[in-house]
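Chemist: First the structure, then my questions, so here it is.
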Amino acid sequence: MKIEPVATARLVLHPLGEAEAERIVARQSGTGDRWGEGYPEDGDVRAATGFLNGLAERGDPGVFRPYGIRVDGATVGGIGFHGPPDEIGVVTVGYGLTPAARGRGYASEALRALIEVARVAGVTGVKGDADLDNVASHRVMEAAGMRCVAQDAQLRHFYLGF
């Protein structure tokens, strides 16, 4: 299935395919890959591994996949869905940027674009969470329109319904 990249004012969300996910897991760039300093991080490897496992178990997830966050053609992080929508139509999102790309609003811009992908695809809501001390991630989700709906001993939980 061909999934189109998603462009924002400053970014391109590049949908990962199987071969690219395998390179991320191996931490070995291939011909045509432009990886920013520090990419991939551990979270990118976990997301690519989950995507590959999902491909093997459920097949192609369509738009509900990981995306590389590209700035000026270089991948500086990742964002995506943890899988297809659950039984009530809600998807879980995650994201991360390399240290050099943080603090510029890229994560919020990418998350707003990913939320629009989810909305257009017909989900009923988007959820995410972050460690209690990860205030920057809380701000990313809030800037993208998500609201804190719960907190436990470890995490703040965010949600946006459609």
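Chemist: Could you grab me the full set of residues in the range 54-68 that are under 19 Å from residue 119 (Cβ atoms) and in a strand (DSSP E or B)? So that I can check it myself, show each step before the final result.
Modeler: Let us first name the residues in the range 54-68 that are under 19 Å from residue 119 (Cβ atoms), namely 61-67.
66, 67, listed by residue number.
Chemist: Can residue 27 be described as within 17 Å of residue 98 (Cα to Cα), in contact with a helix residue (DSSP H, G or I) (Cβ under 9 Å, 6 or more places away or on another chain) and among the charged types (D, E, K, R)?
Modeler: Judged against the criteria, residue 27 is a match.
Chemist: Is it the case that residue 21 is more than 25 Å from residue 131 (Cβ to Cβ) and buried (at least 20 other Cβ atoms within 10 Å of the Cβ)?
Modeler: Values: more than 25 Å from residue 131 (Cβ to Cβ): yes; buried (at least 20 other Cβ atoms within 10 Å of the Cβ): yes.
Answer is yes for this residue.
Chemist: I'd like to know if the range 42-65 contains one or more residues that are touching a Ser or Thr at 6+ places or on another chain (Cβ under 7 Å) and open to solvent by less than 60 Å² (accessible area, probe 1.4 Å).
Modeler: Scanning the range 42-65 turns up no residue that is touching a Ser or Thr at 6+ places or on another chain (Cβ under 7 Å) and open to solvent by less than 60 Å² (accessible area, probe 1.4 Å).
Chemist: I would also like to ask the following. Sort out which residues of the range 91-111 are more than 9 Å from the chain's Cα centre (by Cα), open to solvent by less than 10 Å² (accessible area, probe 1.4 Å) and of a type in the set (A, V, I, L, M, F, W, C), and write them in order of number.
Modeler: 91, 101
Chemist: Can you find even one residue in the range 71-87 that is in a loop (DSSP other than H, G, I, E, B), open to solvent by 70 Å² or more (accessible area, probe 1.4 Å), without any contact (Cβ under 8 Å) to a residue 12 or more places away in the chain and closer than 23 Å to residue 122 by Cβ?
Modeler: Looking for residues that are in a loop (DSSP other than H, G, I, E, B), open to solvent by 70 Å² or more (accessible area, probe 1.4 Å), without any contact (Cβ under 8 Å) to a residue 12 or more places away in the chain and closer than 23 Å to residue 122 by Cβ, one finds at least one in the range 71-87, hence yes.
The values are calculated or read from the model by the stated rules, or taken from the named source; none is laboratory data. The structure presented is a predicted model; accordingly, all values stated were derived computationally and were not measured. So basically every Cβ, Gly included, is an ideal-geometry build from the backbone, and we count neighbours across all protein chains shown. Heavy atoms of the whole protein, side chains included, go into the accessibility calculation; ligands, DNA and RNA do not. Shrake-Rupley method; radii C 1.70, N 1.55, O 1.52, S 1.80 Å.
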